[in-house]
Amino acid sequence: MNTFRTSCSDERSLERTRADPGLWLMVKEREIEMRAIMTELKRLDADPTVIDRLFPNRLKPRLSELADDLVSRMFGSCPPEMLAPVQEALVAAAKRELAASPHQ
């Protein structure tokens, strides 16, 4: 296994994100935003591929930018294919935490 790929791990990125309350809050905000957008897309019976056209004023920075910044700060530069798994791990963790929240 490539040690560079192993060092750019989802778990380590998730631990680092949770250790930064501001960053973790932004990740959870992006998940809440996506839930609201998906609900609205269903209400409009719209195709999810038109998200950017229907909702151009989304939260900034985007989740992909947050993941890129996190990975860059932690590991220097990682191959682009490493960003998607980190982003997916962050979203999955945010979904789990939000689902467990009694305020949902």
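The figures follow:
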quantity	calculated
Read-out Rg/Rh (Cα atoms, Kirkwood Rh), derived from the coordinates shown; its label in (i) 1.04; (ii) 0.92; (iii) 1.01	(iii)
Net lengthening on full extension, Leu54/Glu15 (0.36 nm per residue, minus Cα-Cα)	10.7 nm
Rounded percent of accessible protein surface that carbon and sulfur make up, the chain, 1.4 Å probe	56 percent
Rounded accessible area per residue of the chain, 1.4 Å, Å²	64 Å²
Surface accessible to a 1.4 Å probe, Lys28 within the full protein complex, Å²	40 Å²
Partner aspartates and glutamates for Lys60 [C-alpha distance under 16 Å; skip if fewer than 8 residues away on the same chain]	Glu29, Glu31, Glu33, Asp52, Asp68, Asp69
Exposure ranking of Thr49, Thr17 by accessible area [1.4 Å probe, largest first]	Thr49, Thr17
Length-normalised contact order of the chain in % [C-alpha pairs under 8 Å, at least 6 apart]	43 percent
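The values are calculated or read from the model by the stated rules, or taken from the named source; none is laboratory data. Just so we're clear, the structure is a prediction, and the values are computed from it rather than from any experiment. Side chains included, ligands, DNA and RNA excluded: accessible areas come from the protein's heavy atoms. Shrake-Rupley method; radii C 1.70, N 1.55, O 1.52, S 1.80 Å.
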